[in-house]
1. In terms of Cα to Cα distance under 27 Å, which lysines are near enough to A:Lys199, apart from those fewer than 8 places away along the same chain?
2. By accessible area of protein heavy atoms, probe 1.4 Å, what ranking do B:Asp9, B:Asp168 get, highest first?
3. One quarter of the convex hull surface, Cα atoms only: what value does that give for region B:36-83 in nm²?
4. What is the ratio of the Cα radius of gyration of chain B to 2.2 N^0.38 Å, where N is its residue count, to two decimals?
5. For region A:182-195, what does the Karplus curve 6.51 cos²θ - 1.76 cosθ + 1.60, with θ = phi - 60°, yield as ³J(HN,Hα) per residue in whole Hz, taken in order and with x for Gly and Pro?
6. For B:Trp153, enumerate residues with amide H under 5 Å from its amide H, sequence gap 5+ or separate chain, H modeled in the peptide plane.
7. Please list, in chain and number order, the residues 5+ apart from B:Thr41 or on another chain whose amide H is under 5 Å from its amide H, with Hs placed from the backbone.
8. Apply the Karplus parameterisation 6.51 cos²θ - 1.76 cosθ + 1.60, with θ equal to phi minus 60°, to every residue of region B:252-266 and state each ³J(HN,Hα) to the nearest whole Hz, in sequence, with x for glycine and proline.
Amino acid sequence: MANAIAQRSLRKPASYYRMRRRVVRGLQIFALLLVLIYTLFPYYWAFVSSTKQGAALYRSALLPALDFTYYRQLIDNPVFMSSLVNSAYVAVSTTLLSLIIGLSAAYALGRIEFPQRRAVLMIILMISIFPQVVVLSGMFELINWLGLFNRPSALILTYLLSTVPFTTWILTTFIREFPRELEEAAIIDGCSHFRILMKILLPLMGPSLASTGILAFILAWNEFLFALTFTLTDENRTVPVAIGLIAGTSRYEYPFGQIMAASVTVTLPLIAVVLFFQRRIVAGLTAGAVKG
Amino acid sequence: MSAKLARRDHRAAWLFLIPVTAVILLVAVWPLSRTFFFSFTDAYLDDPSVYSMVGLDNFMEVINDHSWWVAVKNTLVFTVISVAIETVLGLAIALLLNEVIPGRGLARAAILVPWAIPVVVATKIWEWMLNDQFGVINKILSGLGLVDHGIAWTASSSLIMGVVIFIDVWMTTPFMVLLILAGLQLISPEIFEAAEVDGIPAWKRFWSITLPMLRPAIGVAVLFRVLDALRMFDLAYVLAASNENVMTVSIYARDRLISFQELGVGSAASTWVFLLVALVAIIIIGALRLDRAAGT
């Protein structure tokens, strides 16, 4: 009893703890603001710069001038528009193909017991860490052989190298998370695996397919090395390559206003999708990694 | 009966694996084996059908090339420094976002923005912000009185590697944050409450509870980032093309292969890249014992 009283007298008054909590909270919110400025300011600045004309571009006013001339120029530029179409075509096709192939593989790897299962999973994981440059020579030959050189379709084929292992791995993790009880009745009834996948699992997999699909789409939309190497003419380029190769009239004079307008245009849809589906994206990113 | 069922299951499994196997054979195994094959030939890209076998000559040519070793050094410096910064910064931001504070939902969404932006676009945005005459960074620095005239960040041979690392950190810290945050959320809060009640100071709680429990999450994130950084191509290529100060092994290999059309030597360089990445992967996986965590 006496001991308890002695201990209590050692404690500082409640107001001290309240004060300390307030200071900590204040510091946390300040740090959070710093993080927000650090992550968002560059993109905001790209937007601000893209709406300034001429000399205004070189003055650092923080507010956008809201002059959309550069955007109108982009829309009127057939080369830029065709690269936008190419990117959309390549990214959407890659995503759909990878989802179909990945789902089929994920069902086998997540639901059927067979002796080589572990080995297949390891091979798929190993392929997803390949440096792309390592397959460049062979890929060049493959694309020439299929007659796809300088066609956007060539990119769909090459992008499968990175997206298929990735979708397979993540979808396998997702499929394992569904309770097996779901299919038990169907298995007892002698239902085929194909029917189990199509009729029982597929209807439940919408959210998992969405998160995996968005990640594959971003991967394909942002790819640079294969797109740079396997397309030759401007009208067959994808957007990252188109932007990467924009150059000014001289080496020292870059048309930064136009580049920023193009940058905002290609990322705005991406950022809208990412913010809208942020929970799903985080689920997809962490599914394969942390849960293992 | 059950053996028959098991056999049927195995057959079904391989039926489901046909598409993925076909794709892997077509776009991974076949091109990879062709790269290995060409690395022993003196073929040129304009006509790969004309070649003769030259043994290990190409491999020797690459390792006797001074530029190759510059590229190896650049790649390793870039990988070690940028992944180290990303890990520390990612851990700090993840711990912050794990606290119950107003606006953390918004921050968690905002942090995805740099991650979703294409590397090329991020590079161009930072190139503009770091412009020596008109860049907003130099304007801010001179406004604060820290410099009297703009710094040519991307033109200076000593600063450009710093710029590459800085841009990479901006783009990929979010990935670290998300993986570490996911790891943090798997730790049950009772452990921290118990430790707090026992009067264990905050830094000790972090050092002896949080960090050991985050080891698997941080390990996987570091592995992914290191393997990604080792093959970095677009960032340095867009910022500086074939500038030796930031040339990575991927840029070196592609230059030999595509720009110089040397199919044989380029393939040998690619094979060296493959061996480098494989070696680093084995070391990290061994060190972190990830094989056990990732398998199942």
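The values are calculated or read from the model by the stated rules, or taken from the named source; none is laboratory data. Computed from a prediction, not measured in an experiment: that's the story for all the values here. Surface areas here come from the heavy atoms of the whole protein model, side chains and all, with no ligands, DNA or RNA. Shrake-Rupley method; radii C 1.70, N 1.55, O 1.52, S 1.80 Å.
1. A:Lys199 reaches A:Lys291, B:Lys4.
2. Greatest to least solvent exposure: B:Asp9, B:Asp168.
3. Orientation-averaged projected area of the Cα hull: 4.6 nm².
4. 1.26
5. 3, 9, 4, 4, 5, 5, 4, 6, x, 5, 6, 4, 4, 5
6. B:Asp132
7. Residues meeting the criterion, in which the H sits 1.01 Å from N, are B:Val54.
8. Residue by residue, region B:252-266 yields 4, 5, 5, 4, 4, 6, 9, 5, 8, 6, 8, 4, x, 5, x Hz.
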